[in-house]
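Okay, structure first, notes after.
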Amino acid sequence: MSGLSSARYLAKAGWTVTVLEKGDFTDGCSYGNAGFVCPSHYIQLATPGIAKQGLKWMLKSTSPFYIQPRLDPALLRWGVHFLKRAKQKYVTQNAASLRDIGLLSLNEYEQVWLGEMDFDYQHKGMLEVFQTQAAFKECTHIAKIGQDLGLEIEMLDKTGLSELEPDTEWNAMGAVYYKCDGHLNPAKLMRGLYNNLESLGVQLRANQQVTGFKKQGPLITEVYAGENSFKADAVVLAAGSWSEQLARQLHLNLPVVGGRGYSFMVPVQNHHRIHRPGLLVEGRAAFTPLGNELRFGGTMEIRNLDAPMSLNRVKGIINAVENFFPDYRGQLDFNKIKPAIWSGFRPVSVDGMPYIGKSPSIENLVVATGHAQLGISLGAATGLLVSELVRG
Ligand SMILES: Cc1cc2nc3c(=O)[nH]c(=O)nc-3n(C[C@H](O)[C@H](O)[C@H](O)COP(=O)(O)OP(=O)(O)OC[C@H]3O[C@@H](n4cnc5c(N)ncnc54)[C@H](O)[C@@H]3O)c2cc1C
């Protein structure tokens, strides 16, 4: 998303753009996610309570959060930075930036992108559904911050939730209704974007794994992909969870780890239609209506990028769904779901704030990564900001 969106804005600004992709532009983290476009996510990932909560979660194989303990200096560096950034002052400082990049992105999708491609975009808001008094208290506190930031947010009790979403039964106490949010079909967005880039004349080079760079003084002059080399006036590094490895070749410190998440789709039954996407707060899972299907997803598992899937985490998502949606109790057969489970690695920066900026030492390099759980939401704005940076 970050790379293709940057390519789009640069091509529109008149640059001749080549995208080098190690895969084939059909899968990856940007394809099977929940598709929220959510200025409502104005709280950065690193929060004061997360370290304590994270340690508890690490002991359970179905829990929504896991860090594989390993002696990896890059992971240790990232962890130390993460704990340093998990402070209230940073949470407060960064809220307005997340809101602003989120709103800029949503506006670009609605006012510009929708005129050029179809990605099933809808602006119906997003629900944060909770079950307990403790979550109600926490959600009310966070909603108040958003209201103070000028976002349209409403608290719903159980009756309000059932009136808004009458075609489903809820095992919940209430919800926060973030009216400011939209949602989309991410795979359709990526396909639309690919076609859009082709029509703009962007060279989309599949199976080109970037392996190195040629530098002259403070400039990158060539990018190597195996035997192939590509001359460049400017370079955008947007390699998602692999960005740190590439940055290291340029002697840059860019702490990013892969936070793996899982999702699966189920057909919508007529008596169980949900019209808005949302989060199951205590279950730490997301749901998104996508046509006649419903996508469920979640978990954040920080481990090696080549580790096999840990399917037990998907059982945790199923448990959360069955708990919040009585209609689904006994309906989600893990063995039937298993073959179609999707997973992707979110590129997680040291606090969950994206890195969008110029390199301090390489004059023609712009970085666009680290978006964690917000790469689609902030995707359009990221491309726009990158193009402004590249153009000086
Ligand atoms: C379960 C789940 C749900 C999510 N829900 C949401 C949501 O609702 N809203 C939201 O905004 N975000 C969501 N996210 C997060 C979002 O998917 C990511 O933030 C986003 O996809 C990251 O995009 P990216 O372009 O930075 O990275 P990627 O999509 O990973 O793209 C990086 C690309 O770089 C390529 N690459 C890597 N190394 C090289 C190399 N050496 N040479 C060439 N190519 C290379 C990779 O193949 C990849 O295609 C979710 C994620 C998950 C897992």
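The values are calculated or read from the model by the stated rules, or taken from the named source; none is laboratory data. Note that this is a predicted model, so its numbers are computed, not measured. Here Cβ is always computed from backbone atoms with ideal geometry, including for glycine, and neighbour counts include all displayed protein chains. For the accessible areas, the whole protein counts, side chains as well, though only heavy atoms, and no ligand, DNA or RNA atoms are used. Shrake-Rupley method; radii C 1.70, N 1.55, O 1.52, S 1.80 Å.
Numbers below:
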quantity: Matching residues, the range 238-274, being within 23 Å of Leu374 (Cβ to Cβ) and surrounded by fewer than 16 Cβ atoms within 10 Å (Cβ to Cβ); calculated: Gln245, Asn253
quantity: Residue count, the range 202-213 (criterion: within 14 Å of Leu246 (Cβ to Cβ) and open to solvent by 50 Å² or more (accessible area, probe 1.4 Å)); calculated: 2
quantity: Members of the range 312-370 that are of a type in the set (Lys, Arg), surrounded by 20 or more Cβ atoms within 10 Å (Cβ to Cβ) and in a helix (DSSP H, G or I); calculated: Arg313
quantity: Leading residue by the ranking (nearest to the ligand (Cβ to nearest atom)) among those in the range 179-214 that are among the polar types (S, T, N, Q) and over 24 Å from Gly278 (Cα atoms); calculated: Gln209
quantity: Extreme residue, nearest to the ligand (Cβ to nearest atom), among residues of the range 1-22 that are buried (at least 21 other Cβ atoms within 10 Å of the Cβ) and polar (S, T, N, Q); calculated: Ser2
quantity: Qualifying residue in the range 288-296 (condition: at pLDDT 95 or above, within 23 Å of Ile50 (Cα to Cα), open to solvent by 10 Å² or more (accessible area, probe 1.4 Å) and within 10 Å of the ligand (Cβ to nearest atom)); calculated: no
quantity: Count - residues of the range 23-38 that are within 6 Å of the ligand (Cβ to nearest atom) and of a type in the set (A, V, I, L, M, F, W, C); calculated: 3
quantity: One residue from Ile153, Ile50 being touching a residue at least 60 places away in the same chain (Cβ under 8 Å) and of a type in the set (A, V, I, L, M); calculated: Ile153
quantity: Residue identified as modelled with pLDDT of 95 or more, open to solvent by 30 Å² or more (accessible area, probe 1.4 Å) and farther than 30 Å from Asp233 by Cβ among Asp72, Asp27; calculated: Asp27
quantity: Residue check for Arg295: under 18 Å from the mean Cα position of the chain (by Cα) and closer than 25 Å to Trp78 by Cβ; calculated: no
quantity: Odd one out for Leu106, checked against (1) in a helix (DSSP H, G or I); (2) open to solvent by 30 Å² or more (accessible area, probe 1.4 Å); calculated: (2)
quantity: Hey, Ser199 among the polar types (S, T, N, Q) and surrounded by 15 or more Cβ atoms within 10 Å (Cβ to Cβ) or not; calculated: no
quantity: Tabulated pairs, the range 237-261, first basic (Lys, Arg), second more than 9 Å from the ligand (Cβ to nearest atom) and open to solvent by less than 10 Å² (accessible area, probe 1.4 Å), C-beta under 8 angstrom, 6+ apart or interchain; calculated: Arg260/Glu301; Arg260/Ile302
quantity: Some residue of the range 126-148 being touching a helix residue (DSSP H, G or I) at 6+ places or on another chain (Cβ under 7 Å), in a helix (DSSP H, G or I), touching a residue at least 12 places away in the same chain (Cβ under 8 Å) and open to solvent by 20 Å² or more (accessible area, probe 1.4 Å); calculated: yes
quantity: Residue tally, condition of a type in the set (D, E, K, R) and within 13 Å of the ligand (Cβ to nearest atom), over the range 304-335; calculated: 2
quantity: Selected residue [closer than 28 Å to Arg260 by Cα and at pLDDT 95 or above] from Asn207, Asn228; calculated: Asn207
